[in-house]
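Visitor: Pasting in a structure now, in C-alpha coordinates, and then I'll have a few things to ask.
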Amino acid sequence: MPATKAQPKEMLPLVDKPLIQYGVEEAVRSGVKNIIIVTGRGKSAIEDHFDVSFELEHLLQSRGKEDLLAVVRAISEMIEIAYVRQKEALGLGHAVLRARDLVGEEPFAVVLSDDVIEAEAPCLRQLLEIYDTYGASVLALMEVPNEQIPAYGIVDAAPVRHNGRDDRLFRIHDLVEKPAAKDAPSNLAVIGRYVLTPEIFPCIEATEPGKGGEIQLTDGIRHLVARQPVYGYRFEGKRYDAGDKLGFLTATVEFALRRPDLGGRFREYLKSLLNSGNL
Ligand code: G1P
(Lines give C-alpha, C1' and ligand atoms only; values in the text may rest on other atoms or scores of the structure.)
Protein backbone atom coordinates (compact mmCIF):
# COMPACT_ATOMS: atom_id res chain seq x y z
CA MET A 1 0.00 0.00 0.00
CA PRO A 2 -0.72 2.50 -1.36
CA ALA A 3 0.46 1.11 -4.73
CA THR A 4 -1.94 -1.82 -4.43
CA LYS A 5 -4.99 0.26 -3.55
CA ALA A 6 -6.34 0.12 -7.11
CA GLN A 7 -4.20 -2.56 -8.78
CA PRO A 8 -3.45 -6.15 -7.84
CA LYS A 9 -0.15 -6.68 -6.01
CA GLU A 10 0.60 -9.51 -8.45
CA MET A 11 0.99 -6.82 -11.14
CA LEU A 12 3.71 -4.85 -9.33
CA PRO A 13 6.79 -4.98 -11.54
CA LEU A 14 10.22 -6.25 -10.54
CA VAL A 15 12.30 -4.15 -12.95
CA ASP A 16 9.87 -4.38 -15.90
CA LYS A 17 7.96 -7.62 -15.40
CA PRO A 18 4.96 -8.09 -13.10
CA LEU A 19 5.42 -10.48 -10.18
CA ILE A 20 2.88 -12.94 -11.49
CA GLN A 21 4.80 -13.35 -14.75
CA TYR A 22 7.84 -14.60 -12.83
CA GLY A 23 5.60 -17.26 -11.26
CA VAL A 24 4.03 -18.24 -14.59
CA GLU A 25 7.44 -18.43 -16.28
CA GLU A 26 8.79 -20.64 -13.49
CA ALA A 27 5.83 -23.01 -13.96
CA VAL A 28 6.34 -23.07 -17.73
CA ARG A 29 10.09 -23.74 -17.32
CA SER A 30 9.21 -26.55 -14.91
CA GLY A 31 7.17 -28.32 -17.58
CA VAL A 32 3.68 -27.29 -16.46
CA LYS A 33 1.26 -27.30 -19.41
CA ASN A 34 -1.91 -25.82 -17.93
CA ILE A 35 -2.19 -22.86 -15.63
CA ILE A 36 -5.15 -21.76 -13.55
CA ILE A 37 -5.01 -18.33 -11.96
CA VAL A 38 -7.31 -17.74 -9.01
CA THR A 39 -8.32 -14.10 -9.23
CA GLY A 40 -10.81 -11.89 -7.49
CA ARG A 41 -12.46 -8.53 -7.56
CA GLY A 42 -10.24 -5.81 -9.01
CA LYS A 43 -7.78 -8.25 -10.55
CA SER A 44 -8.79 -8.04 -14.21
CA ALA A 45 -5.40 -6.47 -15.06
CA ILE A 46 -3.93 -9.97 -14.60
CA GLU A 47 -6.18 -11.45 -17.31
CA ASP A 48 -5.45 -8.54 -19.64
CA HIS A 49 -1.71 -8.97 -19.09
CA PHE A 50 -1.68 -12.55 -20.36
CA ASP A 51 -4.21 -11.88 -23.13
CA VAL A 52 -3.48 -10.70 -26.68
CA SER A 53 -3.40 -6.91 -26.91
CA PHE A 54 -4.35 -6.16 -30.53
CA GLU A 55 -4.21 -2.39 -30.07
CA LEU A 56 -0.75 -2.45 -28.50
CA GLU A 57 0.60 -4.95 -31.04
CA HIS A 58 -0.77 -2.82 -33.88
CA LEU A 59 0.78 0.33 -32.42
CA LEU A 60 4.19 -1.28 -31.89
CA GLN A 61 4.11 -2.75 -35.41
CA SER A 62 3.20 0.53 -37.04
CA ARG A 63 6.06 2.24 -35.19
CA GLY A 64 8.56 -0.45 -36.19
CA LYS A 65 9.23 -1.48 -32.56
CA GLU A 66 9.85 -5.13 -33.41
CA ASP A 67 11.77 -5.91 -30.20
CA LEU A 68 8.94 -4.70 -27.94
CA LEU A 69 6.39 -6.42 -30.16
CA ALA A 70 8.21 -9.72 -29.61
CA VAL A 71 8.19 -9.18 -25.82
CA VAL A 72 4.45 -8.43 -25.82
CA ARG A 73 3.58 -11.39 -28.09
CA ALA A 74 5.70 -13.83 -26.08
CA ILE A 75 3.56 -13.19 -22.99
CA SER A 76 0.24 -14.13 -24.60
CA GLU A 77 1.78 -17.03 -26.53
CA MET A 78 3.56 -18.52 -23.49
CA ILE A 79 0.80 -20.81 -22.27
CA GLU A 80 -2.99 -21.22 -22.08
CA ILE A 81 -4.32 -19.84 -18.83
CA ALA A 82 -7.70 -20.51 -17.24
CA TYR A 83 -9.16 -18.20 -14.63
CA VAL A 84 -11.34 -18.93 -11.67
CA ARG A 85 -12.61 -16.30 -9.30
CA GLN A 86 -12.49 -16.34 -5.56
CA LYS A 87 -15.45 -14.17 -4.65
CA GLU A 88 -14.31 -13.47 -1.10
CA ALA A 89 -10.78 -13.47 0.32
CA LEU A 90 -11.37 -16.38 2.69
CA GLY A 91 -7.79 -17.70 2.71
CA LEU A 92 -5.21 -19.58 0.67
CA GLY A 93 -6.85 -22.96 1.28
CA HIS A 94 -10.15 -21.57 0.06
CA ALA A 95 -8.44 -20.12 -3.06
CA VAL A 96 -6.92 -23.53 -3.89
CA LEU A 97 -10.31 -25.20 -3.39
CA ARG A 98 -11.79 -22.83 -6.00
CA ALA A 99 -9.62 -24.57 -8.64
CA ARG A 100 -10.90 -28.04 -7.77
CA ASP A 101 -13.20 -28.56 -10.76
CA LEU A 102 -10.57 -27.37 -13.24
CA VAL A 103 -7.80 -29.49 -11.68
CA GLY A 104 -9.84 -32.68 -11.43
CA GLU A 105 -8.40 -35.89 -9.99
CA GLU A 106 -4.77 -35.09 -10.76
CA PRO A 107 -1.73 -33.90 -8.87
CA PHE A 108 -1.14 -30.18 -9.32
CA ALA A 109 1.20 -27.42 -8.21
CA VAL A 110 0.53 -24.20 -6.33
CA VAL A 111 2.71 -21.14 -6.95
CA LEU A 112 2.36 -18.01 -4.79
CA SER A 113 3.63 -15.19 -6.92
CA ASP A 114 4.86 -12.96 -4.10
CA ASP A 115 7.54 -15.57 -3.42
CA VAL A 116 9.97 -14.98 -6.28
CA ILE A 117 12.67 -17.63 -6.53
CA GLU A 118 15.88 -17.29 -8.49
CA ALA A 119 17.40 -20.72 -9.10
CA GLU A 120 19.42 -22.59 -11.70
CA ALA A 121 16.80 -25.36 -11.82
CA PRO A 122 13.38 -23.76 -11.26
CA CYS A 123 12.16 -24.40 -7.70
CA LEU A 124 8.94 -25.97 -8.96
CA ARG A 125 10.91 -28.38 -11.14
CA GLN A 126 12.96 -29.40 -8.09
CA LEU A 127 9.69 -30.25 -6.30
CA LEU A 128 8.28 -32.10 -9.33
CA GLU A 129 11.38 -34.30 -9.39
CA ILE A 130 10.65 -35.30 -5.79
CA TYR A 131 7.02 -35.95 -6.72
CA ASP A 132 8.16 -38.17 -9.61
CA THR A 133 10.43 -40.18 -7.31
CA TYR A 134 8.15 -40.56 -4.28
CA GLY A 135 4.65 -40.10 -5.78
CA ALA A 136 3.69 -37.89 -2.85
CA SER A 137 2.89 -34.25 -2.12
CA VAL A 138 5.91 -32.02 -1.56
CA LEU A 139 6.29 -28.47 -0.23
CA ALA A 140 9.17 -26.03 -0.70
CA LEU A 141 11.05 -25.40 2.55
CA MET A 142 13.55 -22.78 3.67
CA GLU A 143 15.28 -22.21 7.00
CA VAL A 144 14.31 -18.90 8.57
CA PRO A 145 15.72 -17.03 11.57
CA ASN A 146 13.65 -17.22 14.78
CA GLU A 147 12.28 -13.69 14.50
CA GLN A 148 10.75 -14.49 11.09
CA ILE A 149 9.00 -17.70 12.20
CA PRO A 150 5.62 -15.99 12.91
CA ALA A 151 5.32 -15.00 9.21
CA TYR A 152 5.29 -18.58 7.87
CA GLY A 153 3.83 -22.03 7.96
CA ILE A 154 6.39 -24.06 9.95
CA VAL A 155 6.91 -27.83 9.68
CA ASP A 156 7.70 -30.58 12.12
CA ALA A 157 9.78 -32.84 9.90
CA ALA A 158 12.45 -35.54 9.89
CA PRO A 159 15.26 -35.74 7.33
CA VAL A 160 15.10 -38.41 4.64
CA ARG A 161 18.22 -39.57 2.82
CA HIS A 162 18.00 -38.50 -0.81
CA ASN A 163 20.71 -38.43 -3.50
CA GLY A 164 23.34 -39.24 -0.85
CA ARG A 165 22.46 -36.35 1.48
CA ASP A 166 20.33 -35.82 4.58
CA ASP A 167 19.75 -32.08 4.56
CA ARG A 168 17.36 -31.41 1.68
CA LEU A 169 14.46 -33.86 1.80
CA PHE A 170 12.18 -34.15 4.84
CA ARG A 171 9.15 -36.23 5.73
CA ILE A 172 6.59 -33.89 7.22
CA HIS A 173 4.87 -35.05 10.41
CA ASP A 174 2.96 -31.89 11.24
CA LEU A 175 2.64 -28.21 10.31
CA VAL A 176 1.57 -25.07 12.07
CA GLU A 177 0.52 -21.81 10.44
CA LYS A 178 2.42 -18.75 11.72
CA PRO A 179 3.31 -19.90 15.25
CA ALA A 180 5.10 -17.80 17.86
CA ALA A 181 8.83 -18.62 17.70
CA LYS A 182 8.69 -20.28 21.13
CA ASP A 183 5.94 -22.69 19.99
CA ALA A 184 7.47 -23.55 16.60
CA PRO A 185 8.46 -27.19 15.98
CA SER A 186 11.48 -26.11 13.85
CA ASN A 187 12.74 -23.19 11.83
CA LEU A 188 11.87 -24.82 8.51
CA ALA A 189 9.32 -22.58 6.82
CA VAL A 190 6.99 -23.39 3.94
CA ILE A 191 7.67 -21.17 0.93
CA GLY A 192 5.03 -20.58 -1.75
CA ARG A 193 5.57 -23.65 -3.95
CA TYR A 194 3.59 -26.84 -3.40
CA VAL A 195 2.98 -30.03 -5.38
CA LEU A 196 -0.19 -31.62 -4.05
CA THR A 197 -2.16 -34.77 -4.70
CA PRO A 198 -5.91 -34.25 -5.38
CA GLU A 199 -6.71 -35.76 -1.95
CA ILE A 200 -5.91 -32.28 -0.64
CA PHE A 201 -9.33 -31.05 -1.81
CA PRO A 202 -11.49 -33.04 0.63
CA CYS A 203 -8.89 -32.21 3.28
CA ILE A 204 -9.33 -28.47 2.69
CA GLU A 205 -13.08 -28.93 2.61
CA ALA A 206 -12.90 -30.42 6.10
CA THR A 207 -10.73 -27.54 7.33
CA GLU A 208 -12.23 -25.00 9.72
CA PRO A 209 -11.12 -21.36 9.57
CA GLY A 210 -7.76 -21.04 11.33
CA LYS A 211 -5.17 -18.29 11.73
CA GLY A 212 -6.71 -14.90 10.92
CA GLY A 213 -10.16 -16.53 10.55
CA GLU A 214 -9.10 -17.84 7.11
CA ILE A 215 -9.20 -21.32 5.58
CA GLN A 216 -5.48 -22.04 5.64
CA LEU A 217 -3.78 -24.33 3.11
CA THR A 218 -1.36 -25.27 5.91
CA ASP A 219 -4.28 -26.66 7.96
CA GLY A 220 -5.57 -28.59 4.94
CA ILE A 221 -2.11 -30.13 4.50
CA ARG A 222 -2.19 -31.17 8.20
CA HIS A 223 -5.21 -33.33 7.37
CA LEU A 224 -3.40 -34.68 4.30
CA VAL A 225 -0.37 -35.66 6.43
CA ALA A 226 -2.72 -37.84 8.51
CA ARG A 227 -3.80 -39.72 5.36
CA GLN A 228 -0.69 -40.05 3.19
CA PRO A 229 3.03 -39.18 3.13
CA VAL A 230 3.90 -35.53 2.56
CA TYR A 231 7.46 -34.36 1.95
CA GLY A 232 9.27 -31.07 2.22
CA TYR A 233 12.23 -30.11 0.07
CA ARG A 234 14.78 -27.48 1.08
CA PHE A 235 15.18 -26.15 -2.45
CA GLU A 236 18.34 -24.79 -4.04
CA GLY A 237 18.02 -21.14 -4.98
CA LYS A 238 17.38 -17.70 -3.55
CA ARG A 239 13.92 -16.64 -2.55
CA TYR A 240 12.76 -13.04 -2.39
CA ASP A 241 9.71 -12.03 -0.39
CA ALA A 242 8.18 -9.56 -2.83
CA GLY A 243 5.12 -9.27 -0.58
CA ASP A 244 7.27 -7.32 1.88
CA LYS A 245 8.50 -3.79 1.13
CA LEU A 246 12.16 -4.41 1.95
CA GLY A 247 12.04 -7.81 0.21
CA PHE A 248 10.56 -6.14 -2.84
CA LEU A 249 13.34 -3.52 -2.93
CA THR A 250 16.03 -6.19 -2.48
CA ALA A 251 14.59 -8.20 -5.35
CA THR A 252 14.36 -5.10 -7.55
CA VAL A 253 18.03 -4.22 -7.00
CA GLU A 254 19.32 -7.77 -7.46
CA PHE A 255 17.19 -8.50 -10.53
CA ALA A 256 18.25 -5.20 -12.10
CA LEU A 257 21.93 -6.03 -11.45
CA ARG A 258 21.48 -9.39 -13.21
CA ARG A 259 19.94 -7.89 -16.34
CA PRO A 260 22.35 -7.97 -19.30
CA ASP A 261 20.86 -4.75 -20.73
CA LEU A 262 20.78 -2.76 -17.46
CA GLY A 263 23.07 -4.44 -14.93
CA GLY A 264 26.34 -2.78 -15.97
CA ARG A 265 25.01 0.78 -15.90
CA PHE A 266 23.00 0.15 -12.72
CA ARG A 267 26.11 -1.22 -10.98
CA GLU A 268 28.04 1.91 -12.01
CA TYR A 269 25.27 4.06 -10.59
CA LEU A 270 25.27 2.18 -7.25
CA LYS A 271 29.08 2.49 -7.09
CA SER A 272 28.84 6.22 -7.72
CA LEU A 273 26.39 6.51 -4.80
CA LEU A 274 28.83 4.61 -2.61
CA ASN A 275 31.81 6.71 -3.71
CA SER A 276 29.95 9.96 -3.15
CA GLY A 277 29.19 8.91 0.42
CA ASN A 278 25.46 8.68 -0.27
CA LEU A 279 25.28 4.97 0.51
C1 G1P B 1 1.35 -18.15 2.98
C2 G1P B 1 1.12 -19.46 3.73
C3 G1P B 1 2.29 -19.75 4.68
C4 G1P B 1 3.59 -19.75 3.89
C5 G1P B 1 3.75 -18.42 3.13
C6 G1P B 1 4.96 -18.46 2.21
O7 G1P B 1 1.30 -17.10 3.90
O8 G1P B 1 -0.09 -19.37 4.47
O9 G1P B 1 2.11 -21.00 5.29
O10 G1P B 1 4.69 -19.96 4.76
O11 G1P B 1 2.61 -18.16 2.30
O12 G1P B 1 5.19 -17.22 1.62
P13 G1P B 1 1.16 -15.53 3.46
O14 G1P B 1 2.54 -15.07 3.14
O15 G1P B 1 0.27 -15.52 2.26
O16 G1P B 1 0.58 -14.84 4.64
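Visitor: Within 13 Å of the ligand (Cβ to nearest atom), open to solvent by 40 Å² or more (accessible area, probe 1.4 Å) and farther than 12 Å from L139 by Cβ - does that describe any residue in region 178-191?
Guide: Within region 178-191, one or more residues are within 13 Å of the ligand (Cβ to nearest atom), open to solvent by 40 Å² or more (accessible area, probe 1.4 Å) and farther than 12 Å from L139 by Cβ.
Visitor: What's the number of the only condition in (1) out of contact with any Pro (no Cβ under 6 Å at 6 or more places or on another chain); (2) modelled with pLDDT of 95 or more that A136 fails to meet?
Guide: Status for A136: all satisfied but (1).
Visitor: Being within 21 Å of E208 (Cα to Cα) and within 11 Å of the ligand (Cβ to nearest atom) is the filter here, so list the residues in region 91-126 that pass it.
Guide: G91, L92, G93, A95, V96, V110
Visitor: Of everything in region 128-143, what is out of contact with any helix residue (DSSP H, G or I) (no Cβ under 8 Å at 6 or more places or on another chain) and within 14 Å of the ligand (Cβ to nearest atom)? Give them in sequence order.
Guide: L141, M142, E143
Visitor: Turning to a different aspect of this structure: What number goes with the only condition from (1) surrounded by fewer than 20 Cβ atoms within 10 Å (Cβ to Cβ); (2) among the aliphatic types (A, V, I, L, M); (3) touching a Pro at 6+ places or on another chain (Cβ under 8 Å) that A206 does not pass?
Guide: (3)
Visitor: Here's a check for you: in region 192-228, which residue that is of a type in the set (S, T, Y) and within 11 Å of the ligand (Cβ to nearest atom) is farthest from S137 (Cα to Cα)?
Guide: Result: T218.
Visitor: Sticking with this structure for a sec: Does L246 meet the test of being free of Cβ contacts under 8 Å to residues at least 24 places away in the same chain, within 26 Å of I20 (Cα to Cα) and of a type in the set (A, V, I, L, M, F, W, C)?
Guide: Answer is yes for this residue.
Visitor: For A45, which of the numbered conditions (1) in a helix (DSSP H, G or I); (2) buried (at least 18 other Cβ atoms within 10 Å of the Cβ); (3) of a type in the set (A, V, I, L, M, F, W, C) fails to hold?
Guide: Failed condition: (2).
Visitor: Continuing with this model, one more query. Could you check region 238-269 and list, in sequence order, the residues that are crowded, with 16+ Cβ neighbours inside 10 Å, within 16 Å of the ligand (Cβ to nearest atom) and not hydrophobic (A, V, I, L, M, F, W, C)?
Guide: Listed by number, the residues that qualify are R239, Y240, D241, G243, G247.
The values are calculated or read from the model by the stated rules, or taken from the named source; none is laboratory data. All values derive from a computational prediction rather than experimental measurement. Glycine also receives a Cβ, built like all others from the backbone with ideal geometry; neighbour counts cover every protein chain displayed. Keep in mind that these areas ignore ligands, DNA and RNA; they rest on the heavy atoms of the full protein, side chains included. Shrake-Rupley method; radii C 1.70, N 1.55, O 1.52, S 1.80 Å.
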